[in-house]
1. Select, from L325, L251, L277, the only residue that is more than 16 Å from the ligand (Cβ to nearest atom) and among the aliphatic types (A, V, I, L, M).
2. Quick one: in the stretch 85-134, which of the residues that are within 25 Å of D177 (Cβ to Cβ) and free of Cβ contacts under 8 Å to residues at least 40 places away in the same chain is farthest from the ligand (Cβ to nearest atom)?
3. For the condition closer than 30 Å to Q315 by Cα, outside the structural domain of V99 (by TED's automatic domain parsing), among the aliphatic types (A, V, I, L, M) and out of contact with any Phe, Trp or Tyr (no Cβ under 6 Å at 6 or more places or on another chain), what is the one hit in A133, A231, A129?
4. Restricting to the stretch 49-72, name every residue that is of a type in the set (S, T, N, Q) and either within 16 Å of the ligand (Cβ to nearest atom) or farther than 17 Å from D116 by Cα (or both).
5. Please list, ordered by first then second residue, the pairs with beta carbon atoms under 6 Å, 6 or more apart or interchain, first in the stretch 198-224 and under 18 Å from E149 (Cβ atoms) and at pLDDT 95 or above, second among the hydroxyl-bearing types (S, T, Y) and assigned to a helix (DSSP H, G or I).
6. When the residues of the stretch 136-150 are filtered to those that are surrounded by fewer than 18 Cβ atoms within 10 Å (Cβ to Cβ) and touching a residue at least 24 places away in the same chain (Cβ under 8 Å), which remaining residue is farthest from the chain's Cα centre (by Cα)?
7. Give the residue that is surrounded by the most Cβ atoms within 10 Å (Cβ to Cβ), with candidates limited to residues of the stretch 116-135 that are of a type outside the set (A, V, I, L, M) and in a loop (DSSP other than H, G, I, E, B).
8. H60 - would you say it is free of Cβ contacts under 8 Å to residues at least 60 places away in the same chain and either outside the structural domain of P158 (by TED's automatic domain parsing) or in contact with a strand residue (DSSP E or B) (Cβ under 6 Å, 6 or more places away or on another chain) (or both)?
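The values are calculated or read from the model by the stated rules, or taken from the named source; none is laboratory data. Note that the coordinates shown come from a computational prediction; the quantities given were computed from them, not determined experimentally. So basically every Cβ, Gly included, is an ideal-geometry build from the backbone, and we count neighbours across all protein chains shown.
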Amino acid sequence: MTATPASRPAAAPAGDAPRRSSGRRVLLAAPRGYCAGVDRAVIAVEKALEQYGAPIYVRHEIVHNKYVVQTLEKKGAIFVEETHEVPKGEIVIFSAHGVSPEVHREAERGGLATIDATCPLVTKVHKEAVRFAADDYDILLIGHEGHEEVIGTSGEAPDHITLVDGPEDVENVEVRDPDKVVWLSQTTLSVDETMETVDALQSRYPNLLSPPSDDICYATQNRQTAIKQVAAESDLVLIVGSKNSSNSVRLVETAIQQGARAGHLIDDASEIDEAWLEGVGTVGLSSGASVPDVLIDGVLEWLKERGWDDLEVVQPVDEHVQFSLPKELRRDLRTEAAQKAAS
Ligand code: SF4
């Protein structure tokens with residue numbers, strides 16, 4: 001995901017004129033990196049490895065980050081595409097993106113023990129889908145075709161859910177009853193683009209119902225808020241995140257829309273091209289919700305070595321969300337603690 005300086009006008013974004021530094025500085029966005037759902041999923045795999053021993057099977061990438069996946073592989077996690085690849089009797093962990101009920105049934109048929117590390121905020125959207133389907137609504141799910149989260153949510157009510165992949169997809173939507181329609185969304189979308197899609201849907205269906213609370217999660221929203229502020233003052237924005245990480249890709253898009261002259265998505269410092277820094281004073285930096293801080297540290301070090309050593313943190317919002325571990329793990333950890341206490 002890149003945009004070169006030549007590909008966008010150098011005009012200032014709406015609002016106050018951006019302050020461009022004459023020196024070399026780095027604006028570091030906060031919040032950035034790990035969200036509560038990713039933190040919980042990664043800790044779940046680590047705790048499962050400690051508790052039950054290797055191997056532990058994980059269906060799909062536990063989170064969309066190459067570094068995290070490789071680190072867990074070294075500790076004994078085995079990542080598989082489908083549940084049927086897991087040998088009978090083994091433990092399989094479902095990723096933070098969530099799975100459809102059919103995947104749970106498949107694991108049961110295969111005699112597998114499961115640990116569900118689906119983010120509670122994704123589970124919330126699943127529950128909304130089930131409830132509106134039970135009330136016989138047509139559900140318009142705003143999201144990206146083929147994304148794991150969308151596949152999982154759609155599986156909750158396949159006969160009621162229609163995917164709407166952006167504002168341009170709205171004209172293709174067909175519903176049974178225009179007065180009984182609700183929209184839901186993937187948790188990691190661009191807030192602004194989603195509202196464009198909702199506006200287009202509302203023009204077609206004036207009685208369109210909205211979800212009871214925001215489906216785009218707090219972490220996605222907070223990271224977009226922070227990068228907007230950073231981007232308005234940056235010549236170049238670097239987002240650390242993997243190419244298949246939806247929320248990381250949205251951060252690059254948001255930065256460009258907000259006025260950064262160029263933006264690049266990188267897995268780590270080794271992917272930075274020195275040519276990107278030509279004529280650059282201020283570098284904006286952030287990371288997607290599946291990115292550990294060690295990768296940001298690597299980029300800061302890389303920039304410092306080249307003279308970008310004036311670091312400023314830009315934090316428009318505080319974030320203090322935490323989720324408890326999946327219930328299956330909590331149960332076994334509690335049992336073990338009780339046994340140890342009794343012996
Ligand atoms: S990005 Fe949001 S929905 Fe996804 S795992 Fe993190 S907190 Fe949960």
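1. Values: L325 fails: more than 16 Å from the ligand (Cβ to nearest atom); L251 fails: more than 16 Å from the ligand (Cβ to nearest atom).
L277 is the lone residue from the list that is more than 16 Å from the ligand (Cβ to nearest atom) and among the aliphatic types (A, V, I, L, M).
2. A134
3. Details: A133 fails: closer than 30 Å to Q315 by Cα; A129 fails: closer than 30 Å to Q315 by Cα.
Exactly one of A133, A231, A129 is closer than 30 Å to Q315 by Cα, outside the structural domain of V99 (by TED's automatic domain parsing), among the aliphatic types (A, V, I, L, M) and out of contact with any Phe, Trp or Tyr (no Cβ under 6 Å at 6 or more places or on another chain), namely A231.
4. In the first step, residues of the stretch 49-72 are kept if they are of a type in the set (S, T, N, Q); the result is 51, 65, 70-71.
Result: N65, Q70, T71.
5. Q224/T254
6. Kept after step one, since they are surrounded by fewer than 18 Cβ atoms within 10 Å (Cβ to Cβ), are these residues of the stretch 136-150: 136, 144-146.
From what is left, the residues that are touching a residue at least 24 places away in the same chain (Cβ under 8 Å) are 136, 144.
Working: D136: 30, H144: 12 Å.
Ranking the qualifying residues of the stretch 136-150, first place goes to D136.
7. Step one: of the stretch 116-135, the residues of a type outside the set (A, V, I, L, M) are 116, 118-120, 123-124, 126-128, 131-132, 135.
Add one more test, that the residue is in a loop (DSSP other than H, G, I, E, B), and what stays is 118-119, 135.
Details: T118: 20, C119: 25, D135: 11.
Per the stated criteria, the residue is C119.
8. Numbers: free of Cβ contacts under 8 Å to residues at least 60 places away in the same chain: no; either outside the structural domain of P158 (by TED's automatic domain parsing) or in contact with a strand residue (DSSP E or B) (Cβ under 6 Å, 6 or more places away or on another chain) (or both): yes.
In short, no.
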